[in-house]
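Data first, discussion second: the structure below is written as structure tokens.
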Amino acid sequence: MELAIAEARKGEGFTNPNPMVGAVIVKEGRILARDYHHAYGGYHAERNAILNCREDLSGAQMYVTLEPCCHYGKTPPCTEIILESGIKKVYVGSMDPNPLVSGKGVELLKSRGIEVETGICEEKCLALNKVFFHYIRHKTPYVVMKYAMTADGKIATKTGASRWISGEASRERVHNSRHKYMGIMAGVGTVLTDNPALTCRQEGKKSPVRIICDSRLRTPLTSELVRTAGEVPVILATAEGDAEKKKPYLDAGCEVLTISEKDGHIDLNVLMQKLGALGIDSILLEGGGMLNYSALKSGIVHAVEQYIAPKLFGGTAAKTPVTGEGVAWPDQAFRLCRPNVRQIGADILIEWEVAACSQES
């Protein structure tokens with residue numbers, strides 16, 4: 001199953017909004033085949049492994065990280081080819097919460113005489129597809145808030161300069177996160193200040209859908225985002241209702257979503273519903289302090305990636321990762337849990353989960 005998990009990870013960033021899945025086929029103590037779900041719309045891991053095997057599978061065993069599907073979608077059901085293959089036993093890492101599957105795949109295999117054992121390396125298999133499990137249950141994106149800060153908690157100096165806080169190794173990892181997650185979200189303030197491209201600059205990997213929270217449509221038509229909207233999708237989320245104001249963005253290839261307002265800004269919960277309906281299963285939030293606070297207050301953030309650089313900026317005017325009104329009392333804090341700490345070059349990365357995300361509570 002560990003090998004199947006390693007296979008599954010090869011599909012990272014390419015399978016969304018489908019899960020990452022890996023499969024390994026074993027017979028008489030020997031690995032006959034291994035494969036994974038390569039990309040959304042393509043064959044699933046089980047089918048790939050079986051089709052790529054050139055040996056007799058009679059009596060073989062399959063290890064698969066997620067319950068085999070049993071319905072027709074973009075591809076035929078995996079249970080069908082497993083039954084035809086001669087495999088006698090299937091080890092399953094985690095069950096599939098998709099209502100179209102949800103235990104039906106395992107029951108179908110059992111009813112046709114195949115032995116099935118579930119829960120193999122279950123915790124690791126569940127962690128592999130946190131994004132998929134959230135999206136399939138809630139139909140809204142899994143949101144990861146990312147920021148780089150100094151050891152004294154600053155994301156920019158008193159002049160607003162921020163390049164570069166983190167080191168090269170951390171920045172490279174962020175580009176991989178841009179590939180991993182389906183969308184990337186920032187506020188119009190970031191666009192006006194930095195004119196970012198918000199793309200993945202790693203060869204062979206994909207760039208995310210770029211989502212800009214822009215209540216009054218202030219994104220410059222000359223910005224890097226608008227200029228490249230025909231190459232990498234751009235969604236402008238706005239409360240602006242003037243069709244004439246939207247037209248030049250539409251002509252440039254941007255998609256414009258009209259979102260209702262809440263507390264003077266676009267309603268982020270409504271935005272998540274609309275993005276989920278568009279099939280966007282995950283978002284890397286690279287916002288400034290105000291958007292970060294609004295996202296936390298709205299309860300849409302599920303995880304935090306916090307890069308800490310071995311530097312000190314100081315200054316009461318220097319920017320911090322989360323601004324806005326803030327909470328009044330310590331017991332009102334946005335709570336984080338289950339930290340995972342590692343060193344990335346000279347920086348420290350702490351990955352947190354957000355406790356009791358309101359979307360799921």
Reported set for segment 265-295 where residues are small (Gly, Ala, Ser) and open to solvent by less than 50 Å² (accessible area, probe 1.4 Å) is Gly276, Gly279, Ser282, Gly287, Gly288, Gly289, Ser294, Ala295
Selection within segment 144-158 - under 15 Å from Tyr181 (Cα atoms) and not aliphatic (A, V, I, L, M): Lys146
Just one of the numbered conditions (1) in a helix (DSSP H, G or I); (2) surrounded by fewer than 24 Cβ atoms within 10 Å (Cβ to Cβ); (3) of a type in the set (Gly, Ala, Ser) is not true of Gly59; which one? (1)
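Considering segment 1-26 alone, what residues qualify as being over 17 Å from the mean Cα position of the chain (by Cα) and buried (at least 20 other Cβ atoms within 10 Å of the Cβ)?
Narrowing segment 1-26 to residues over 17 Å from the mean Cα position of the chain (by Cα): 1-7, 22-26.
Matches in segment 1-26: Ala4, Ile5, Glu7, Gly22, Ala23, Val24, Ile25.
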Segment 86-123 - residue that is in a helix (DSSP H, G or I) and not acidic (Asp, Glu) and, of those, farthest from His37 (Cα to Cα): Ser111
Taking the options Leu83, Leu126, name whichever one is in contact with a strand residue (DSSP E or B) (Cβ under 8 Å, 6 or more places away or on another chain), open to solvent by 10 Å² or more (accessible area, probe 1.4 Å) and outside any strand (DSSP E or B). Leu126
Filtered residues of segment 310-361 (kept if over 24 Å from Gly167 (Cα atoms), in contact with a helix residue (DSSP H, G or I) (Cβ under 9 Å, 6 or more places away or on another chain) and of a type in the set (D, E, K, R)): Glu325, Glu360
Tally up the residues in segment 287-336 that are of a type in the set (A, V, I, L, M, F, W, C) and free of Cβ contacts under 8 Å to residues at least 60 places away in the same chain, please. 7
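Rundown of residues vs (1) assigned to a strand (DSSP E or B); (2) surrounded by fewer than 21 Cβ atoms within 10 Å (Cβ to Cβ), yes/no style:
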position: Lys297; (1), (2): no, yes
position: His302; (1), (2): yes, no
position: Phe313; (1), (2): no, yes
position: Val322; (1), (2): no, no
position: Cys337; (1), (2): yes, yes
position: Gln343; (1), (2): yes, yes
position: Ile350; (1), (2): yes, yes
Residues of segment 86-101 classified as loosely packed, with under 15 Cβ neighbours inside 10 Å and within 29 Å of the chain's Cα centre (by Cα), total: 2
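The values are calculated or read from the model by the stated rules, or taken from the named source; none is laboratory data. Predicted model only: the values in this text are computed from it and were never measured. Note that we place each Cβ from the backbone using ideal geometry, even for glycine, and neighbour counts take in every protein chain shown. Protein only, heavy atoms only, side chains kept; ligands, DNA and RNA dropped before computing areas. Shrake-Rupley method; radii C 1.70, N 1.55, O 1.52, S 1.80 Å.
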